[in-house]
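Taking it in order: structure first as structure tokens, then the write-up.
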Amino acid sequence: MAGQQGRQDPKEAALAAARCLNPHPEQVTDPEFLASDFFDARDAVQVKYEMVRKVQAGGAPVTEAAAAFGYSRPAYYAAAAALESSGLEGLVPARPGPRGASKLTEEILAWAEEQLAAGPALRPAQLPDRIEEAFGVRVHPRSVERALARRRERHSKSRGTARPRDAEGGWPVPVPAHITWPRGC
């Protein structure tokens with residue numbers, strides 16, 4: 001049995017990978033969950049869905065349903081609103097961490113692009129001092145480099161595929177409509 005000690009249940013691993021693993025399955029005391037193999041208290045999405053269903057379809061009081069499923073009243077209302085607005089996907093917990101750049105806004109990045117275009121010798125790593133002077137925001141040089149690279153990547157994808165240029169690198173070469181060029185040509 002020593003080999004099975006460190007082994008995790010495949011369903012539990014899948015739930016954890018999908019961010020759907022209930023951190024406290026032992027708090028689920030609903031009789032249907034305890035009596036049936038179909039219901040799995042480790043599945044947070046299923047637990048929240050059944051909690052909302054028990055109130056909306058079964059007519060159970062919110063306080064009793066929330067307690068039976070191991071959640072608070074505010075958690076019930078949040079789950080009901082998420083289910084109403086986004087369906088089952090709304091019950092999946094959001095990814096942890098920041099949602100985007102908090103200091104390097106689109107305005108600052110546009111300004112940084114202008115600065116780099118105006119001064120060919122200027123490098124992105126030299127911009128943090130100028131950004132602090134102009135906007136009052138302190139940023140790390142590497143953050144500026146990464147943000148500008150992400151911005152350029154987004155803008156290059158939105159422009160579509162590149163067209164081949166003539167030998168001097170000037171005007172695009174006319175291409176028949178039925179020919180498509182790979183990206184980066």
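Points to keep in mind about this one:
- Assuming charge only on the beta carbon of Lys and Arg (+1) and of Asp and Glu (-1), the dipole of the range 106-158 about its Cα centre is about 340 debye to the nearest 20.
- Net charge, VAL47 excluded, C-beta distance under 13 Å - Lys, Arg +1, Asp, Glu -1: -2
- Selected from PHE135, ALA125, ILE108, residue furthest toward positive end of dipole (the range 106-158; charges at beta carbon): ALA125
- Residue exposure sequence - LYS11, LYS48 - by fewest surrounding Cβ within 10 Å: LYS11, LYS48
- Alpha-carbon centroid distance for the pair the range 90-132 / the range 11-55, whole angstrom: 41
- Net charge, GLY58 excluded, C-beta distance under 11 Å - Lys, Arg +1, Asp, Glu -1: -2
- Residues of the range 68-85 with amide N under 14 Å of a point placed 7 Å along Cα→Cβ from HIS24: 68-76
- Inter-label distance, nm, simple model (7 Å from Cα along the C-beta direction), THR105/SER143: 1.5
- Extension gain from SER85 to ALA14, taking 0.36 nm per residue of separation minus the Cα-Cα distance: 23.0 nm
- Modelled this way, with points 7 Å down the Cα-to-C-beta line, the labels at ASP37 and LEU116 are 5.9 nm from one another.
Read-outs: derived from the displayed coordinates by stated rules, not from any lab. The structure presented is a predicted model; accordingly, all values stated were derived computationally and were not measured. As a convention, Cβ positions derive from the backbone with ideal geometry for all residues, glycine included, and neighbour counts pool all protein chains shown.
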